[in-house]
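Following: one structure in structure tokens, then a few remarks.
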Amino acid sequence: MNRPCRDLETSLGRPAHTLSEAERLRLEQHLTACAACRRESDLARNITQLVLAAPSMLSESSRERAIAASFARATSEEARRASTHWLRSTGIAVAAAAMLALGLRFAHQGNDDAALAVASKAVGSQAAPSVAEPPASMAAAAMPTAPAPDQWLDVDTAETRRFAHAQVTLDAHARVRFDAASSTLELARGRASIDVDASKGAPFAVQTSTFRVQVLGTQFVVTPESVEVLRGRVAITHNRDTAHVRKLGPGETYRPSEGVRAHVSHVAPRQVVGTAELLRQAHRALAQGEPATARGLIERAQQSATKRSERAEAGTLSAECSMLEQKPVEAQRAYLAVAERYGALPAGENALFAAAQLSQPSDLAQARGLLESYLARYPRGRFVEEARARLRKLAR
Amino acid sequence: MLATLPVVSSENASALEASGYAPQLVDACRRGERSALEQVFRRESPFLERVLFRVLGPSSELEDMLQTTLEQAIHAFPAFRGEASVRTWLTRIAVRTALHHLKHPAQRRRVSLELIEGGMSTASSSRPAHEAEARVRLRILYEHLDRLEPKHRTAFVLFQVEGRAMEEVAALMDSGVSTTKSRVMWARRKLFARLAKDPRARDWASELTTASEGDSR
């Protein structure tokens with residue numbers, strides 16, 4: 001890179017409004033003559049557009065949850081600091097008292113000089129507050145995350161708390177109590193969404209009046225009547241049938257009301273809303289780069305789907321899974337299947353164009369064929385201009 | 001040619017906007033009043049989320065990072081002097097949180113698959129194929145960004161992607177301007193060289209964004 005290029009390097013690809021008039025003119029003149037800088041400028045701009053165009057990862061409810069949890073964590077952190085400060089100052093006072101006692105002992109034994117030295121040192125070091133009782137700040141900032149073992153916690157509004165190594169979001173009016181010794185959260189009423197830190201390798205359980213859920217590293221939602229696993233696995237023991245342990249995986253739901261030996265059901269074919277929710281979860285899993293998780297959700301959605309549009313969307317997402325797994329041939333095949341079955345739907349049109357875009361560079365004939373098919377089938381389609389532009393490019 | 005350069009969203013152009021908060025509200029935040037803090041957090045959290053996302057990339061820990069950022073803000077608000085806007089101050093905390101995360105990746109991975117109400121593309125989108133392609137490209141981009149030094153990567157994202165001035169990036173990262181400039185340049189060269197060699201990225205990395213530019217070269 002020569003000197004003019006270096007001088008302008010940080011301006012390449014920057015939005016126009018961030019440059020002064022002189023910088024803009026200089027840059028424009030340089031880009032007219034320098035192909036290398038033009039390419040770099042384009043690349044920088046592409047990267048910027050790609051990142052800025054990415055949709056938001058968090059929903060409003062996720063952000064609300066983060067806000068609520070930040071207060072819970074901030075409060076427990078303050079309590080921890082207050083506790084540490086109290087313990088430290090208690091320790092200093094205890095040590096000072098011990099030294100004073102030692103000094104008095106020396107005095108009793110007639111060693112006046114040593115007694116005075118120890119006693120004065122003890123007094124001098126006692127800069128801590130009285131150890132008679134913990135400071136008021138600690139009492140006020142009582143651990144919100146771990147009430148006394150036999151103390152029930154009634155939650156008026158939805159909140160997130162930490163119980164040992166689990167973060168628990170309690171719906172409004174939930175009632176729980178936590179036994180730290182056994183890491184068991186007892187749920188008497190309401191709904192809890194639990195996110196357990198599997199890396200701790202420590203057990204965590206939820207007990208209701210009907211069943212016990214043993215966590216194996218997961219996220220799940222539990223009410224007194226049901227358990228639904230969102231991620232990971234849990235083991236469930238019915239209170240009246242402790243010999244029989246059921247294991248649930250992602251997307252599975254257990255309802256003891258179906259019977260003492262109620263089988264573990266996969267997410268039962270719910271109403272249409274259920275399928276839509278599964279498809280949204282699959283979108284999210286894809287956005288987070290988890291095609292395997294997405295595939296599981298897509299499969300369930302396909303089982304429960306009653307609408308053609310839902311089946312078409314499931315097929316499209318399946319193709320996207322293949323793209324994430326860097327299997328363009330499989331992805332193209334999946335897109336073509338959607339295009340063939342659901343050609344009359346928008347998803348079908350999208351799939352045909354997507355399949356055309358995935359043609360291998362070595363197979364120009366296929367790319368041309370698919371683009372021409374698209375134009376023939378959808379003469380007024382959404383991607384007509386792009387399809388024509390691509391055909392022109394292929395013709396060069 | 002510069003006329004065809006896209007204008008980045010105005011959010012960063014006004015990133016140094018005036019606080020926009022009444023002094024009484026800011027004082028209430030300093031005193032730790034929850035309702036005041038919640039009001040500020042609700043307004044700023046979408047913006048902070050975007051900053052975290054752009055620095056960290058698509059990550060299952062974004063919600064956790066946002067939570068950590070807000071928790072730090074709660075602790076630090078009593079010392080907020082008002083020399084910068086609230087948004088800039090919070091952004092600084094977010095950048096620090098992101099840097100810490102990049103330097104010390106969390107051992108655990110908590111993925112929330114709870115149902116979300118919005119924020120995701122649905123079948124009604126007219127361009128799912130493009131979105132899928134964009135997702136793949138984004139992943140490839142962040143794979144390469146992950147290989148950069150955390151401070152180089154962060155400086156590059158804040159300067160190049162977010163369009164912030166070099167001085168602003170330096171302030172957000174608690175660094176000098178010349179150090180920040182070196183970091184940006186170093187990140188650019190490394191990243192662009194790697195993208196050019198990556199067969200998955202070669203096509204889109206050199207793709208022209210406007211047809212007119214392609215025809216003229």
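Heavy-atom accessible area of A:VAL338 with all protein chains present, probe 1.4 Å, nearest 10 Å²?
Its accessible surface works out to 10 Å², give or take rounding.
For the stretch A:180-187, in order, what is each residue's ³J(HN,Hα) by Karplus, 6.51 cos²θ - 1.76 cosθ + 1.60 with θ = phi - 60°, in whole Hz (x at glycine and Pro)?
In residue order, the calculated couplings are 5, 4, 9, 6, 10, 9, 9, 10 Hz.
Mind giving me the nanometre distance, one decimal, between the label points for B:THR179 and A:ARG308, set 7 Å out from Cα along Cα→Cβ?
Reported label-point gap for B:THR179 and A:ARG308 is 6.3 nm.
Using a 1.4 Å probe and ignoring any ligands, DNA or RNA, find the accessible area of A:LYS393 and quote it in Å² to the nearest 10.
Approximately 130 Å² of A:LYS393 is accessible to the 1.4 Å probe.
Just tell me how shielded B:67-78 is by partners: mean number of partner chain Cβ atoms within 10 Å of each residue's Cβ, no decimals.
Taking the mean over all residues of the peptide, I get 5.
What are the residues whose amide H is under 5 Å from the amide H of A:VAL227, where those residues sit 5 or more places off or on another chain and H is modelled from the backbone?
A:TYR254
Note the per residue figure in Å³ for the convex hull of the C-alpha positions in the stretch B:26-91.
Hull volume normalised by residue count: 75 Å³.
Which pairs break 32 Å Cα to Cα here: A:LYS393/B:LYS181; A:LYS307/A:LYS393; A:LYS327/B:LYS181; B:LYS103/B:LYS181?
Violating the 32 Å Cα-Cα cut-off are A:LYS393/B:LYS181; A:LYS307/A:LYS393; A:LYS327/B:LYS181.
Report the accessible area of B:TYR21, computed with a 1.4 Å probe over the heavy atoms of all protein chains in place, in Å² rounded to the nearest 10.
30
Along Cα→Cβ, 7 Å out, is where each label goes; now give me the distance between the ones at A:SER209 and A:CYS5 in nm to one decimal.
About 7.6 nm separates the two model spin labels.
Which distance in nm do the two modelled labels at A:LYS327 and A:GLU21 give, with both placed 7 Å along the Cα-to-Cβ direction?
Placing both labels 7 Å beyond Cα along the Cβ direction yields 5.9 nm.
What FRET efficiency would be calculated for the residue pair B:GLU33, B:ARG189, taking the C-beta separation as r and a Förster radius of 56 Å, to the nearest 0.05?
Plugging the Cβ-Cβ distance into 1/(1 + (r/R0)^6) gives 0.70.
Note the buried accessible area between A and B here, summed over both chains, with a 1.4 Å probe, in Å² to the nearest 100.
Protein heavy atoms only, the A-B interface buries about 8500 Å².
The values are calculated or read from the model by the stated rules, or taken from the named source; none is laboratory data. This structure is a prediction, so every number in the text was calculated from the model and none was measured. With ideal geometry, Cβ positions are generated from the backbone for all residues, glycine too; neighbour counts draw on all protein chains shown. When the accessible area is computed, the model is the full protein with side chains, heavy atoms only, and any ligands, DNA or RNA have been set aside. Shrake-Rupley method; radii C 1.70, N 1.55, O 1.52, S 1.80 Å.
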